[in-house]
Amino acid sequence: MEPPRTTPTARRPRAVVLICLIAVLLALDSDAVFGLKGVRIWNPEAIRAGELLRLSCDYDLEGVPLYSIKWYFGDQEFYRFVPKESPPTRVFPLSGTTSVDISESDDHSVTLTNLPRDMSGHYKCEISADAPLFHTQIKESYITIIEEPQTPPLMFAGKLKYIKDEPVKINCTSYSAFPATNLTWFINDKKVTNITKYAKTMAWVTAEDDGLLTSRSRLELSTHADYFPGGRMTVRCESNQFQLYKKYSVIELMDDSPRLAQMISPTAVLRSGGPQANSADRFTTGCAFVLVAIVTHRIALSLLR
């Protein structure tokens, strides 16, 4: 018995299903979206509290019209641009003092003003192409809103003079910042690292009542001669936040180790030529002692008369 023959009509549904499946997979693959590619968000890594924040989103629609661009802080939408609507821009309120500057916002960029530190977080750009497919891509980036310390870091050393091999402990504190500042040590302008000889550091952060953070660090080392060229050592503590803030403080320590004094022998003074004086020197010295004895004897006799 011959097997049933497959006709072209029977094979056609399978081909249609295969084509549809490939189309669905391509549509789900965000990197292979036809008519929308090259989506990229541009933003600073950090800004100071109270400054403007300008976000930009680049994209290539490959000739397909733009349906919308939306901006989010976390999952909260705060700006929308839809070209077919009138007006094309819509703004949604954000908490606190932050607001959108519509005059500086368009179909690629958005500008925010008066950002406090609690606006640190993820910002997202959502791009959608127009009908019929409405392909969409989302890109996001994390931005930190910093609050700088009001003073340079404060350094404290128990004393400023040390003797050889005496332990040294220096504390450095950077108060009231967000996020916590990074503290870095330098000895004689050389950065202290894990491989620096005779030195080690430890660091920790404490929270303040208002949510700001205080950074603390301690440098411990021994007074090795290598650290005291010319009898002095310079120690610097540097505090920084991203590329926006950098302050430092410096102290100078002194090597107070005892020095070996040159000892002079009294014999050498009496013998002007030193232990190797010649016979003439010894004769002259002997004559002087005899002369002194004679004079002393005559003075004594005159007193007895």
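Considering D210, D165, D226, the condition of being farther than 19 Å from D256 by Cα and acidic (D, E) is satisfied by D210 alone. Residues of region 206-251 that are assigned to a loop (DSSP other than H, G, I, E, B) and either open to solvent by 70 Å² or more (accessible area, probe 1.4 Å) or aliphatic (A, V, I, L, M) (or both): D209, D210, L212, F242, Q243, L244. Pairs linking a residue in region 27-44 that is more than 15 Å from E126 (Cα to Cα) to a residue that is among the hydrophobic types (A, V, I, L, M, F, W, C) and at pLDDT below 50, with Cβ atoms under 8 Å and 6 or more positions apart or on different chains, are A27/V33; A32/L26; F34/L26. The residues on offer are L52, L61, L18, and the sole one that is modelled with pLDDT under 75 and not small (G, A, S) is L18. Residues that are over 30 Å from A46 (Cα atoms) and modelled with pLDDT of 50 or more occur at least once in region 233-244.
Of all residues in region 48-83, which are free of Cβ contacts under 8 Å to residues at least 40 places away in the same chain and open to solvent by 20 Å² or more (accessible area, probe 1.4 Å)? Correct list: D60, E62, G63, D75, Q76, E77, R80, F81, P83. Going by what's in this entry, would E45 be described as exposed (fewer than 15 other Cβ atoms within 10 Å of the Cβ) and at pLDDT below 95? Considered against the rule, which asks whether it is exposed (fewer than 15 other Cβ atoms within 10 Å of the Cβ) and at pLDDT below 95, E45 comes out as no.
From the list K159, K139, which one is under 30 Å from P258 (Cα atoms) and open to solvent by 60 Å² or more (accessible area, probe 1.4 Å)? Even if it seems obvious, please write down each step before you answer.
Details: K139 fails: under 30 Å from P258 (Cα atoms).
Result: K159 is the single residue among K159, K139 that is under 30 Å from P258 (Cα atoms) and open to solvent by 60 Å² or more (accessible area, probe 1.4 Å).
Within region 236-251, residues that are touching a residue at least 40 places away in the same chain (Cβ under 8 Å) and within 25 Å of K159 (Cβ to Cβ) have Cβ atoms under 6 Å from residues that are open to solvent by 70 Å² or more (accessible area, probe 1.4 Å) and of a type in the set (V, I, T) in these pairs: R236/V250, counting only partners at least 6 apart in sequence or on another chain.
The values are calculated or read from the model by the stated rules, or taken from the named source; none is laboratory data. No experiment lies behind these values; they were computed from the predicted model shown. Quick reminder, even Gly has a Cβ in these numbers, built from the backbone with ideal geometry, and neighbours come from all protein chains shown. The area values use the complete protein model at the heavy-atom level, side chains included, leaving out ligands, DNA and RNA. Shrake-Rupley method; radii C 1.70, N 1.55, O 1.52, S 1.80 Å.
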